[in-house]
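The values are calculated or read from the model by the stated rules, or taken from the named source; none is laboratory data. Predicted model only: the values in this text are computed from it and were never measured. So basically every Cβ, Gly included, is an ideal-geometry build from the backbone, and we count neighbours across all protein chains shown. Surface areas here come from the heavy atoms of the whole protein model, side chains and all, with no ligands, DNA or RNA. Shrake-Rupley method; radii C 1.70, N 1.55, O 1.52, S 1.80 Å.
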Amino acid sequence: MRLVDYVVNLLLSAILIVGAYQFYFWCQRNPLSPVRQFRLCIDERIPYWPSWVWIYSCLYYPIILYLNFVIGSAREFTYVATSYLLLLALQMLFFVFVPVATPPHWRAYNRVRTLSERFLALVQKFDAPSNSFPSMHTSVAMLTALHLAPHVGAAAFAFPLVIALSCLFTKQHYVIDLPAGAVLGWWTFAAYRSLI
C-alpha cells in the first residue's frame with residue numbers, strides 16, 4: 001500500500017474508535033435490566049495500583065492503530081474493521097441486557113493524589129463503573145492480538161495479557177470479566193476468519 005493509504009486507514013481507524021465509544025457510552029445510560037455485580041472473593045485481594053492506568057489507556061490505542069501498518073490491502077482493512085464492529089455489537093448486547101458494574105468502593109480507592117490517580121480519575125469521569133462484563137478492553141486486545149499474530153508471532157499475546165492486568169490493578173474490572181472478554185474477542189476473530 002502507498003503512504004496515503006496508511007494515512008487514510010489511520011484516519012478511518014481513529015474515526016471508528018471515537019464512533020464506537022458513542023455506542024459504549026449509550027449502553028452505560030440505557031441498560032434494559034437491573035445492573036448487577038459479579039464480584040468474587042479474589043477480586044478484593046487484587047491490589048489497587050493506579051500507575052497501571054498508563055497501560056490501560058496509553059498502550060491500548062497505539063497497539064490497535066499499529067494494526068494499520070500490517071494490513072496489506074483496502075479489502076483486508078474493510079474486513080478487519082468489520083470484525084471490530086461485530087465485536088462492538090456483541091459487547092453492546094451484554095452491556096444492555098446483562099449490565100454489570102464494579103462496586104462503588106473501588107472508585108473510592110482513588111484519592112487523586114498522584115499524576116496516575118488524576119489520570120485514572122479523568123478516565124473514570126467518562127467510563128462509568130457499568131459495562132464491566134465482559135471486559136471490552138480485553139476483548140479488543142485479544143482481537144487485535146489475533147490479527148497481529150501472523151505478523152509479529154506469539155509476542156502479540158502479551159498485549160491482551162498486560163491489558164487484562166491493567167484492568168485488574170486499576171480496579172476497572174472483575175476477574176471474571178477478563179476471560180469472558182478474551183473468549184468474545186477470540187470468537188469474533190473466528191467469525192472474521194470464516195468470512196475471509
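If I ask for residues that are among the aliphatic types (A, V, I, L, M), open to solvent by less than 30 Å² (accessible area, probe 1.4 Å) and either touching a Phe, Trp or Tyr at 6+ places or on another chain (Cβ under 8 Å) or at pLDDT 95 or above (or both), which ones from the stretch 181-196 would you list?
Keep residues of the stretch 181-196 that are among the aliphatic types (A, V, I, L, M), which gives 182-184, 190-191, 195-196.
Those left that are additionally open to solvent by less than 30 Å² (accessible area, probe 1.4 Å): 182, 184, 191.
Once the filter is applied, which keeps residues that are among the aliphatic types (A, V, I, L, M), open to solvent by less than 30 Å² (accessible area, probe 1.4 Å) and either touching a Phe, Trp or Tyr at 6+ places or on another chain (Cβ under 8 Å) or at pLDDT 95 or above (or both), the stretch 181-196 yields ALA182, LEU184.
Do we have ALA141 as closer than 21 Å to ILE63 by Cα and of a type in the set (Gly, Ala, Ser) here? Explain how you work it out, then say what you get.
Numbers: closer than 21 Å to ILE63 by Cα: yes; of a type in the set (Gly, Ala, Ser): yes.
Here the answer is yes, as ALA141 does meet what is asked.
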Test each condition in (1) at pLDDT below 95; (2) touching a Leu at 6+ places or on another chain (Cβ under 9 Å); (3) open to solvent by less than 20 Å² (accessible area, probe 1.4 Å) for ILE71 and report the one that comes out false. (2)
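Return the only residue of PRO134, PRO129 being buried (at least 17 other Cβ atoms within 10 Å of the Cβ), closer than 20 Å to ALA20 by Cβ and modelled with pLDDT under 95. Steps first, answer last, please.
On the way: PRO134 fails: modelled with pLDDT under 95.
Going through PRO134, PRO129 in turn, just one is buried (at least 17 other Cβ atoms within 10 Å of the Cβ), closer than 20 Å to ALA20 by Cβ and modelled with pLDDT under 95: PRO129.
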What is the one condition in (1) under 30 Å from ASN110 (Cα atoms); (2) surrounded by fewer than 12 Cβ atoms within 10 Å (Cβ to Cβ); (3) touching a residue at least 12 places away in the same chain (Cβ under 8 Å) that ARG39 does not satisfy? (2)
For the stretch 57-79, name all the residues that are among the hydroxyl-bearing types (Ser, Thr, Tyr) and closer than 19 Å to LEU146 by Cα. TYR60, TYR61, TYR66, SER73, THR78, TYR79
Taking first residues from the stretch 12-33 that are more than 17 Å from VAL123 (Cβ to Cβ) and surrounded by fewer than 12 Cβ atoms within 10 Å (Cβ to Cβ) and second residues anywhere that are modelled with pLDDT under 90 and of a type in the set (Lys, Arg), the pairs with Cβ under 8 Å that are 6 or more apart or on different chains are none
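With respect to PHE77, is the statement that it is part of a helix (DSSP H, G or I), touching a residue at least 24 places away in the same chain (Cβ under 8 Å) and open to solvent by 60 Å² or more (accessible area, probe 1.4 Å) true?
Working: part of a helix (DSSP H, G or I): yes; touching a residue at least 24 places away in the same chain (Cβ under 8 Å): yes; open to solvent by 60 Å² or more (accessible area, probe 1.4 Å): no.
In short, no.
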Any residue at all in the stretch 172-188 that's among the charged types (D, E, K, R) and part of a helix (DSSP H, G or I)? yes
Would the stretch 45-64 turn up any residue that is surrounded by fewer than 16 Cβ atoms within 10 Å (Cβ to Cβ), of a type in the set (D, E, K, R) and at pLDDT below 90? no
Tally up the residues in the stretch 141-168 that are over 18 Å from ALA190 (Cβ atoms) and crowded, with 19+ Cβ neighbours inside 10 Å, please. 6
Which residue pairs have Cβ atoms closer than 6 Å, lie 6 or more positions apart in sequence or on different chains, and pair a first residue in the stretch 158-170 that is in contact (Cβ under 8 Å) with a residue 40 or more places away in the chain with a second residue that is not in a helix (DSSP H, G or I)? CYS167/SER135; CYS167/HIS173; LEU168/ILE46; PHE169/TRP49
